[in-house]
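Input: a single structure, listed below in structure tokens.
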Amino acid sequence: MQSIASQTLIDIHKLNLYYGSFQALKSVTMDIPEKAITAFIGPSGCGKSTLLRTLNRMNDMIPNTRIEGKITIGGADIYSKEVDVETLRKKVGMVFQQPNPFPKSIYDNVAYGPRLHGIRSKQKLDEIVETSLRSAVLWDEVKDYLKRSALSLSGGQQQRLCIARAIAVNPDVLLMDEATSALDPISTLKIEELAQELKDKYTIVMVTHNMHQAARVSNQTVFFLNGEVVEFSDTEKLFSNPRDQRTEDYISGRFG
Amino acid sequence: MSMMEVPNLGTVYSGEELGRSLEGSSGKAFSRRARLSFYNRTFKIVCIASAVFVCLILFSILLLMGRTGILTFETVSLKTFFFSTEWVPENEQYGAFIFIFGTIALTLLTMVISVPLSLIIAIFLSEMTPAWLKNALRPVLDLLVGIPSVVYGFLGMTVLIPMLRSVTGTTLGDGILAAAIVLTIMVLPTISRITDDSIVAVPKKFRDASYALGSTRFQTVVRVVIPAAKSGIMYAVILGMARALGETMAVVMVIGNTPQLADALFKPTSVLTSNIVMQIPNVPFDSAWNYALYMMGFILLVISLIMIVVVRAIQGRGVKS
């Protein structure tokens, strides 16, 4: 596997995050490289999802959240006042733990984002829907049923639809928040393969509670514990030769 | 048996005893089981009986109203009853068109004013209001639902109508607009609270998905939340409409009670409900007049049934899964 960092895209510097008086992230600093898969692992409540959600500012909607420190994406400080949250979220897409397609047709689900951002032409939308569904390796399964409700799809298909929906707005970064934890093993495998393909075009950051998944698909792995980064290195290195005793304990299954 | 007596569930059976108790030959276990199965059967019968009872009531109301109402047509032709605007009982003229038209026009006008307003109130309440204001506003709206309609009518008569007179310069102020405004105030809390509840019930995951794609709050509300809450909103509208359609007291007090066609907003008129309540005390029991009033009640029933069916049909036409 290649060594860390082609080029840094996301730069997190001394990030502290508080929910009320509880400190969920403690001075987190890391550089996330572009066009690669970075995995966040760690036990429940260690702050990995929280950090992921700071990257598209989904934490803004949780009351009593306070943030200190700095996150830049492509050099721009995403918490500065000039940044438009909607534009940020368009550039930093997200796939959630539970597949959450809208109760609309498959077509309308994928076309939702482009329509939000002002694309009206039917022809253009058709094109985006097809390419997005193809990229999410779902096109062949649904091309004849685009008008059907997205809720008629299986869980794995729904999650791939959510990925298609996220990439339909042409993001640079794709955040995956335990995107396979609600799926069966075969669907999980498909999503993992999909992530491998997508990393040539997108910077992927995934949170997973499944260490084997991190080992299988990611280029870099970050191990979190109690809101702190314990170790950040090449996936291969982290799993074969961890520097920190706590990392070793975790990956060898002694806790977590 | 006292309330404090707890059945002994802790008995440990040996294999043989267990077998016997399952067969029901051991006295104690059997009596408990017999009791449970008796409760179970009784419960089922009571449930079915209640359901049948409700249906029976509905059908007997329809039957009574319809059977009496139909007697109208022994003396009045169908065409006259439904399409004539001459309602002069003294001359044996029973044309109910004015009232039917008035009821439909009043209900529609009320809905046109109240539905958009309620929707805005509900969205404001569920999506934009800070928690403390929500906790203050929701109980207020709930209380408004319970205010007797005569109070709304009274306020309509003493406050609204003088106000309409001075604002528009009409001499009377009574009429379909005054009634629609009073009804709007009456149904607003009902529609907006039920809509509010159905908006709150839209799963957070849909909102998350929408925001994560870069939508604004307005876009999320219009494109995701409202469509997802559609069936609840429809339900709210039915309830509001049914209330507006059947409301009598508040309407009687502001509509003017004159049998003339409601072809202007300020023109004393009459609707099915108000006409029934104003005239029923005075009619001879065995007269075409009485039957005609029954028929009007029957029409009200049928209109509300049709409305419910239509709204259900619209509701069912969502995205097919």
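Quick notes on this structure:
- Percent RCO, i.e. relative contact order, over chain B, from Cα pairs under 8 Å lying at least 6 residues apart: 24 percent
- Taking Cα atoms only, the orientation of helix A:122-135 departs from the longest principal axis of chain A by about 50 degrees.
- Gap separating the Cα centres of the range B:64-122 and the range B:282-301, nearest whole Å: 12 Å
- A simple spin-label model places the labels of B:GLN260 and B:SER31 8.1 nm from each other, with each point 7 Å out along Cα-to-Cβ.
- Gyration tensor (alpha-carbon) shape descriptor, the range A:158-256, a/c threshold 1.5: prolate
- Each of B:PRO162, B:VAL200, B:LEU239 was placed along the dipole of the range B:75-320 (beta-carbon charges, centred on the mean Cα), and the one lying farthest toward the positive end is B:VAL200.
- Quotient of Cα Rg and 2.2 N^0.38 Å for the range B:75-320, N being how many residues it contains: 1.17
- Distance histogram in 5 Å bins (all Cα pairs of the range B:232-288, percent per bin): 4, 17, 20, 19, 16, 13, 7, 3, 1
- P(r) tail fraction, the range B:109-189 - alpha-carbon pairs more than 21 Å apart, %: 40 percent
- Calculated accessible area for chain B comes out at 55 Å² per residue, all protein chains present (probe 1.4 Å; ligands, DNA, RNA ignored).
- Of the two radii for the protein assembly as shown, the radius of gyration is 1.13 times the Kirkwood radius, both from the alpha carbons; that is the Rg over Rh value.
- Bridge type composition, chain A - antiparallel percent by DSSP, nearest 5: 60 percent
- Counted charge near A:ARG115, where neighbours are those whose Cβ lies closer than 9 Å (Asp, Glu -1; Lys, Arg +1): +1
- Most positive-pole-ward Cα, B:PRO284, A:SER154, A:ALA214, against dipole of the protein assembly as shown from beta carbon charges: A:SER154
- Taking a Cβ cut-off of under 12 Å around B:ARG138, the surrounding Lys, Arg, Asp and Glu residues balance to a net charge of -1, with basic ones at +1 and acidic ones at -1.
- Loss of accessible area when A meets B, both sides summed, Å² nearest 100, probe 1.4 Å: 1900 Å²
- Greater than 20 Å apart at Cα, pairs in B:LYS134/B:LYS204; A:LYS35/A:LYS90; A:LYS35/A:LYS81: A:LYS35/A:LYS81
- Shown for the range B:197-218: residues covered by the partner protein chains by 40 Å² or more of accessible area relative to the chain by itself (probe radius 1.4 Å), namely B:LYS205, B:PHE206, B:ASP208, B:ALA209, B:TYR211, B:ALA212, B:LEU213, B:GLY214.
- Here chain B exposes an accessible surface that is 71 percent carbon and sulfur, computed with a 1.4 Å probe and the other protein chains kept in place.
- Here the extension length gained between A:SER44 and A:ARG254 equals 74.1 nm, from 0.36 nm per residue of separation less the Cα-Cα distance.
- A viscosity of 0.890 mPa s and a temperature of 25 °C, combined with the Kirkwood radius over C-alpha pairs in the Stokes-Einstein formula, give the range B:30-74 a diffusion coefficient of 185 µm²/s.
- For the range B:221-321, the average shadow cast by the Cα convex hull is 9.2 nm², which is a quarter of the hull's surface.
- Label-point separation, A:ARG243 to A:LYS26 (7 Å along Cα→Cβ), nm: 1.8 nm
- Taking Cβ atoms as reference points and 10 Å as the exclusive limit, the residues near B:GLN219 contribute a net charge of +2, counting Lys and Arg as +1 and Asp and Glu as -1.
- 0 to 90° range, to nearest 10: angle between helix B:27-70 axis and chain B longest Cα axis: 10 degrees
- Using alpha-carbon coordinates, inclination of helix B:131-145 to the longest axis of chain B, degrees: 60 degrees
- Beta bridges per DSSP with both ends in the protein assembly as shown, % antiparallel, nearest 5: 60 percent
- Dipole size of the protein assembly as shown about its Cα centre, with +1 on Lys/Arg Cβ and -1 on Asp/Glu Cβ: approximately 220 debye, rounded to the nearest 20.
The values are calculated or read from the model by the stated rules, or taken from the named source; none is laboratory data. Quick caveat, the model's predicted, so the values are computed rather than measured. With ideal geometry, Cβ positions are generated from the backbone for all residues, glycine too; neighbour counts draw on all protein chains shown. Ligands, DNA and RNA are excluded from the accessible area calculation, which covers all protein heavy atoms including side chains. Shrake-Rupley method; radii C 1.70, N 1.55, O 1.52, S 1.80 Å.
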